[in-house]
Amino acid sequence: MDANESELRPQAVSGKLRLRAVVTFLLVLIFVSCVLSPLTNAATPITFDEKQRLWVLQSGEATYAFGVNERGELQHLYWGKRIGAQDLTKAHSLPEWASFDLSTTTTPQEYPGWGAGLYVEPALKATFANGNRDVVLYYVDQKLEANNLEITLKDEISALFVHLHYRVYPDSGILERSAQIENRTSEEVTLESAQSASWTLPRDGSYRLHYLTGRWAGEWQLQTETLQIGKRVIESRRGSTGNEANPWFAIDETDKTDETHGPVWFGQLGWSGSWRFTIERTSDQYRVTGGFNPFDFGYRLSPGESLQTPPFYAGFTDGGLGEASRILHRYQLEQILPGSPHPRIRPVLYNSWEATEFSVDEAGQMALAEKAARLGVERFVVDDGWFGERNNDHAGLGDWYVNSRKFPRGLKSLIDRVHQLGMDFGLWVEPEMVNPDSDLYRRHPDWVMNFRGRPRTEGRNQLVLNLARDDVKEYIFSGLDRLVTENDIGLLKWDYNRNWSEPGWPEAPFADQKKIWVRYVQNLYDIIDRLRSKHPRLEIEGCSGGGARVDLGMLRRVDQVWPSDNTDALDRLTIQYGFTQAYSPHVMMAWVTDVPNGINDRVTPLRFRFLVAMTGSLGVGGNLNKWSDDEIAVASKMISFYKQIRATVQDGNLVRLVSPIESEFSAIQYVSQDSQQVVVFAFLHSQQFGRSVPLLYLQGLPEDAMYSVTTIDNRSEEHTGKLSGAYLMHHGIQLRLGGDYDATAMKLDRVQ
Ligand code: DGJ
C-alpha cells in the first residue's frame, strides 16, 4: 500500500492494524507465559518465596537454600546439585537431642551467634558494655536486587545487627558471602569472633577434606583426610595468609568422588591477614565456618560503627575435584584478577634474583637484559639489592632510593636499555618491612609493630612496619608512588619476607590495639588500590618469600604470584599440582633456574626445567652469562613454543591427567577457552626396569574433532599428522619417555 492509499482509507487500515497488533500481543503473551517463563524462572539466580520465607540461590550446577524457621532464626536448608525452588519447603528447626544438644545446636543456622544453647562453632561472638555475652540472631528483613541479597539479622534483645551479603555468580557455580556487623546500641560492643560465613553440607555424607599446607620452599602440599567427629582447624595466626595452610578447602564424598566425577563442595577466603577455617563434624552436622581468625581478636565497635568481614567464596560441582578447580580458575579469571574478565596474558619474564642475588649493578643487569631479550623474554625484572645500603639482607629495607654506587645514573639508563631491547621493566620492593640498619628505622623506630618496652624479634634481620598506622600507610604509599612516577616501571614485585611477631600497636587506645589484625590488611589493600588507580599500567607480582601470601584478597590486586622459592623442577611438580587445586595457572609464576638447584642440589635437564615451568606463567631466572650456546638454543626454542600455547595454558581449562603425587609419571592437559587448542605436558621422574610410560588418555574432547599434532620433540609415537578426539581419549598416546627427568609437550590444534 502506498502513502496515498493509506491516506484515503485511514479508518479501515488502522482498525485492521489494531486487530493484528492485539492478536500478536496475545500470541507473544501466551508464548512468554507458556514457553519462556519457566526458563526465565529457572534462570533467576535468587528467588524469594515470601509466604514460606525461603530463599533459593542458583549458580552453575548448584542450588543453595535457606529460610526463616518458626523461631525466627535463619536456617540452612540445602546446598548441592541443582533443584527447583518448588522442591523446597519452609524451614523448621530440628529437635533437640535429649537435654544436652538443644535445638539451637542441632539446627543448622546460616550465621549463628554465640548465645542461647549453641555448642557448634559460632559465626559471631561479642561482649556488650554491661558484661552480657549472649548473642541470639533473628531475621529482620531482606533486600534482593538481581544477583545480590542482603539479609538483616538482629540480636533478640540489643540493637546489634548483622547484614549477611550473598552474591550469586549465576554461570560460575560460585556464591560469595560476607557479613557486616553493625553496632546500633548506644554503648560499645567488642567482637571476639567475626566470621564471614558458616557453610553447611548435607548431613548424611561420608566426607573427605582436602586442604593445602606447607612451609618455606615446600608450599602447596595437598592433604586429604577423612572427616571425623570433632573439629579440624586450618588457619594462620601469622598476620598474613601464611604458607602453613592456605584459605582453600574442598570436601568430597569418600566413595563417590574422584578427579572427574562426584560431588565436591569447595571454598576460598578473600583475606590476606590471619584467618581460620573450622571444619566441624558433629553427630548432626557438617559445617565449615571461616573468616577472621578469632585468636587474639578483639574488635571494639563504638555506637554506630560496623565491621565488614572478608568475602568467603564457595561452590559446588558434581564433576569431581578437577571441575572444582576449573570453576575456581575461571572465576578468578573472570571476576577476581585485575583486568578481569580478560586479564592480560602474562609476558615471559626474566628475574635476576637467583643469578645475582644482592650483587646488582647497572652493567651486570644490562648484560643479563641483552641475553634475556635474545631468548625472547618480554619483561626484565631487577630483584632485591638495588636500593639503600642493600648489599645483603642485614640492611637497607625501608630506604627506597636507588643505590648510587650500583646505579650511578639512577635506574633510567637501565630502564631505557631494557625498553630498547623490546622488554618492559620490573622492580623488586618489600614495602612493609624495615631493617633496623636503615635510615627509616633510625628516624622512626616507633613505626614497627611492637609491645612497648619488650624486645622486637627479627626475622631475616627485619621488622614489620605497622601499616595499621595511617602515617606509616601514607609513607609507604608516597614512596611507591614516587618510585613509579619517576621510573617507567611495568611491574613491581611486591615481596613480604616474614610473619608478624609482637603485634602491638602501643599508640592506639588500649581497647583498639587488637584492631591491628584487621586494620593492617585494610591499609595494605588501600595502598595497592590507590597505587594501581593512579598508575593504571602498573602490574604487581605478589610474593611472600615464595607463596606465603596467596589468597583471593591479594589476587584482586596483583596480576601474578610467586608460589615458592623452591625452583627445583621435580619439587615444583607437586608444588604446582597443589597450587593449581586452588589457583589459576595464569597467576602461577614459574622460573627456569640453574642447576644444581640451590634448594636440594638436584640436577635436572634444561628441557625438563623448561617444560615444568611452561605449565604456568613462564619466567627465566638462571644466570644467562653462564649458559652455553646449546642451552641458549634450547631456551629460545622453548620460549617460542610457549608463546604459541600460553593463552591455552594460562587461561584455558586445566585437566589433571596423572597426578605427580601418585606415580613417577605425571601429565597435565589444557584446553583453550574456544576449544581450538589442546596442550599436553608429560613428565617422567625416573624410569625403572626400562618400563615404558603408560598410555596417556586425554579427556573431554569432542569425539569427532580432528587435531593436528605438534610436539616440542618427537617423544611420542603420534608426533605428527592428525588425530581425532576419539583416538586421543580412547586409544591413548604412547609417549617415548625414558631415564630420569624426561618430559615432553604436545600442541594439538583443531582442524575441523
Ligand atoms: C624472597 C623471594 O621469594 C625471592 O624471589 C627474592 O625476591 C628474595 N626474597 C629477595 O630478597
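The values are calculated or read from the model by the stated rules, or taken from the named source; none is laboratory data. Since the model is a prediction, treat every value here as computed from it, not as a measurement. Cβ coordinates were reconstructed from backbone atoms using ideal geometry, including for glycine residues, and neighbour counts include every protein chain displayed. SASA here: full protein model, heavy atoms, side chains in, ligands and nucleic acids out. Shrake-Rupley method; radii C 1.70, N 1.55, O 1.52, S 1.80 Å.
Quick look at the numbers
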| quantity | calculated |
| --- | --- |
| Candidates VAL348, VAL360, VAL377 - the one that is within 16 Å of the ligand (Cβ to nearest atom) and either open to solvent by 30 Å² or more (accessible area, probe 1.4 Å) or among the aliphatic types (A, V, I, L, M) (or both) | VAL360 |
| Residue check for VAL587: of a type outside the set (D, E, K, R) and free of Cβ contacts under 8 Å to residues at least 60 places away in the same chain | no |
| Residue in the range 428-435 that is more than 30 Å from ALA369 (Cα to Cα) and assigned to a strand (DSSP E or B) present | no |
| Those residues of the range 287-313 which are crowded, with 19+ Cβ neighbours inside 10 Å, of a type outside the set (Ser, Thr, Tyr) and out of contact with any Asp or Glu (no Cβ under 8 Å at 6 or more places or on another chain), in sequence order | GLY290, GLY291, PHE292, PRO310 |
| Pairs with Cβ under 8 Å, 6+ apart, first in the range 554-576 and within 14 Å of THR604 (Cβ to Cβ), second of a type in the set (Gly, Ala, Ser) and away from the ligand (no atom under 16 Å from the Cβ) | LEU573/SER666 |
| Unmet criterion (only one of (1) closer than 30 Å to GLN58 by Cα; (2) surrounded by fewer than 19 Cβ atoms within 10 Å (Cβ to Cβ)) for TYR169 | (2) |
| Tally, over the range 704-748, of residues that are charged (D, E, K, R) and buried (at least 18 other Cβ atoms within 10 Å of the Cβ) | 4 |
| Any hit, the range 537-546, residues being surrounded by fewer than 20 Cβ atoms within 10 Å (Cβ to Cβ), more than 15 Å from the chain's Cα centre (by Cα), in a helix (DSSP H, G or I) and away from the ligand (no atom under 14 Å from the Cβ) | no |
| Filter result (over 15 Å from VAL472 (Cβ atoms) and more than 20 Å from the chain's Cα centre (by Cα)) within the range 514-530 | LYS514, TRP517 |
| Enumeration of residues in the range 547-566 that are open to solvent by 10 Å² or more (accessible area, probe 1.4 Å) and near the ligand (Cβ under 10 Å from one of its atoms) | ASP565 |
| Leading residue by the ranking (nearest to ASP296 (Cα to Cα)) among those in the range 167-217 that are in a strand (DSSP E or B) and among the charged types (D, E, K, R) | GLU192 |
| Breaking point among (1) modelled with pLDDT of 95 or more; (2) surrounded by fewer than 21 Cβ atoms within 10 Å (Cβ to Cβ), for TRP248 | (2) |
| Filtered residues of the range 332-345 (kept if open to solvent by 50 Å² or more (accessible area, probe 1.4 Å) and touching a residue at least 60 places away in the same chain (Cβ under 8 Å)) | GLU334, GLN335, GLY339, ARG344, ILE345 |
| Candidate set: the range 380-421, residues that are of a type in the set (A, V, I, L, M, F, W, C) and within 16 Å of the ligand (Cβ to nearest atom); chosen: the one most open to solvent (accessible area, probe 1.4 Å) | TRP400 |
| Members of the range 483-509 that are part of a loop (DSSP other than H, G, I, E, B) and within 16 Å of the ligand (Cβ to nearest atom) | ILE489, ASP495, TYR496, ASN497, ARG498, ASN499 |
| Test: residue in the range 635-648 that is of a type in the set (D, E, K, R) and in contact with a Ser or Thr (Cβ under 8 Å, 6 or more places away or on another chain) | yes |
| Count of the range 694-703 residues which are of a type in the set (S, T, N, Q) and open to solvent by less than 40 Å² (accessible area, probe 1.4 Å) | 0 |
| Single residue of LYS51, LYS143 found to be of a type outside the set (A, V, I, L, M, F, W, C), surrounded by fewer than 19 Cβ atoms within 10 Å (Cβ to Cβ) and more than 32 Å from the chain's Cα centre (by Cα) | LYS51 |
| Condition broken by SER663, with the remaining ones in (1) farther than 24 Å from TYR350 by Cα; (2) under 31 Å from the mean Cα position of the chain (by Cα); (3) modelled with pLDDT of 95 or more; (4) of a type in the set (Gly, Ala, Ser) satisfied | (3) |
| Out of ARG452, ARG442, sole residue that is surrounded by fewer than 22 Cβ atoms within 10 Å (Cβ to Cβ), in a helix (DSSP H, G or I) and not assigned by TED's automatic domain parsing to the domain that holds ASN391 | ARG442 |
| Exclusive hit being in contact with a Leu (Cβ under 9 Å, 6 or more places away or on another chain), under 20 Å from TYR583 (Cα atoms) and of a type outside the set (Ser, Thr, Tyr), set ILE540, ILE527 | ILE540 |
| ASP704 vs. criteria assigned to a loop (DSSP other than H, G, I, E, B), at pLDDT below 95 and in contact with a strand residue (DSSP E or B) (Cβ under 8 Å, 6 or more places away or on another chain) | no |
| From the options ASP470, ASP424, ASP439, residue that is touching a residue at least 60 places away in the same chain (Cβ under 8 Å) and more than 14 Å from the ligand (Cβ to nearest atom) | ASP424 |
| Cβ pairs under 6 Å, 6+ apart, first in the range 494-512 and under 22 Å from VAL189 (Cβ atoms) and not assigned by TED's automatic domain parsing to the domain that holds LEU555, second of a type in the set (Lys, Arg) and within 16 Å of the ligand (Cβ to nearest atom) | none |
| Within the range 172-203, tally of residues that are under 20 Å from THR44 (Cβ atoms) and open to solvent by 50 Å² or more (accessible area, probe 1.4 Å) | 0 |
